[in-house]
Amino acid sequence: MASVREERAPWRLGRLRRRLRSPPLLLLPLLLLLRSSAQAAHIKKAEATTTTVAGSEAAEGQFDHYYHEAALGEALEAAAAAGPPGLARLFSIGSSVEGRPLWVLRLTAGLGPPPTATAAAAAGLDAAGPLLPGRPQVKLVGNMHGDETVSRQVLVYLARELASGYRRGDPRLVRLLNTTDVYLLPSLNPDGFERAREGDCGLGDSGPPGTSGRYNSRGRDLNRSFPDQFSTGKPPSLDEVPEVRALIDWIRKNKFVLSGNLHGGSVVASYPFDDSPKHVATGIYSKTSDDEVFRYLAKAYASNHPIMKTGEPHCPGDEDETFKDGITNGAHWYDVE
Ligand SMILES: [Zn+2]
């Protein structure tokens, strides 16, 4: 299984924390993963409503506050309602340590109306809805580190744009959602998000477990809790990380062909592998058999990002760090062990 990665090396976390005192604008490393392996649990269903285009556009203008607690699910429901009936489904793949839902909004044309909870239970149906033959599944995951908050918002805005764009007939978005099965998981660490405080970047590994917004509520770094092909130790126990367990279970039941994981901390598109058998700290290019595809995808993303494409993000604390074309192989950047 390809590992998800931290956006910074552990030995650089001091600098990371200093840097994150600046506003977290555009600090969205895109971590690309090609995966195979679908379905999900359920909690809510997206209502296909008759929200007007004007109504959804008004909602699109609200970029000035974070979606805390239940507001995240409500924002995703509103995003779903901005599209036509049958375009979106909202469901949860599980719960965080503190019991918050791990919301996923699925967007693709032809889902049909969601079943009622009773009908779904009787028929053994999943709230995510059936897989659609021939339609590739793609997922984006954000806010795995609870204090890296921008992606949580951005994925809601993306959901809104996809749904409302489809409704208004934007040719690019119509084509996309007619041919691709898109899954957006804005927050894998909702507990950490609620603990995080803007400007409070010092409660990292030195604080007592559970105090940092970065970790889950058992003090675990979700991004260091996945099995790793190059690890020689015991696989991590999933008992402390229900968020990771839920994600792994969900991935295994599905057939995602492309995944991205959004973090804060630098501006770069990073692609697998994230470590190598030797675990050299930095400078080892650890290739996958899909290296050319990953490079292509990373470049496509970076070249459309006004800062990333320069390869010189000038992040505070790392002003001299550069990335050719705004991309990097993960292990070449630093080894995630
Ligand atoms: Zn991160």
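The values are calculated or read from the model by the stated rules, or taken from the named source; none is laboratory data. Quick caveat: nothing in here was measured; it's all calculated off a predicted structure. Cβ placement follows ideal geometry from the backbone for every residue including glycine, while neighbour counts extend to all protein chains displayed. Just the protein is used for accessible areas: all its heavy atoms, side chains included, with ligands, DNA and RNA removed. Shrake-Rupley method; radii C 1.70, N 1.55, O 1.52, S 1.80 Å.
Of note:
- Condition broken by D291, with the remaining ones in (1) of a type outside the set (A, V, I, L, M, F, W, C); (2) more than 16 Å from the ligand (Cβ to nearest atom); (3) open to solvent by 50 Å² or more (accessible area, probe 1.4 Å) satisfied: (3)
- Meets criteria (farther than 24 Å from R245 by Cβ, open to solvent by 40 Å² or more (accessible area, probe 1.4 Å) and modelled with pLDDT of 95 or more) for A119: no
- Unmet criterion (only one of (1) touching a Ser or Thr at 6+ places or on another chain (Cβ under 7 Å); (2) modelled with pLDDT under 95) for P242: (2)
- When segment 224-235 is filtered for residues that are away from the ligand (no atom under 16 Å from the Cβ) and buried (at least 17 other Cβ atoms within 10 Å of the Cβ), the ones remaining, listed by number, are D228, F230.
- Residues within segment 264-278 that are farther than 27 Å from T179 by Cα and buried (at least 16 other Cβ atoms within 10 Å of the Cβ), tallied: 9
- Consider segment 294-324 and keep the residues that are under 18 Å from N261 (Cβ atoms) and small (G, A, S). The one that is surrounded by the most Cβ atoms within 10 Å (Cβ to Cβ) is A298.
- Strands (runs of 3 or more DSSP E) lying entirely in segment 79-183 (those with 2 or more residues that are hydroxyl-bearing (S, T, Y)): 88-95
- Residues of segment 201-223 satisfying the condition of being in contact with a helix residue (DSSP H, G or I) (Cβ under 9 Å, 6 or more places away or on another chain) and at pLDDT below 90: C201, G202, L203, G204, D205, G210, T211, S212
- Any hit, segment 142-155, residues being more than 16 Å from the ligand (Cβ to nearest atom) and open to solvent by 40 Å² or more (accessible area, probe 1.4 Å): no
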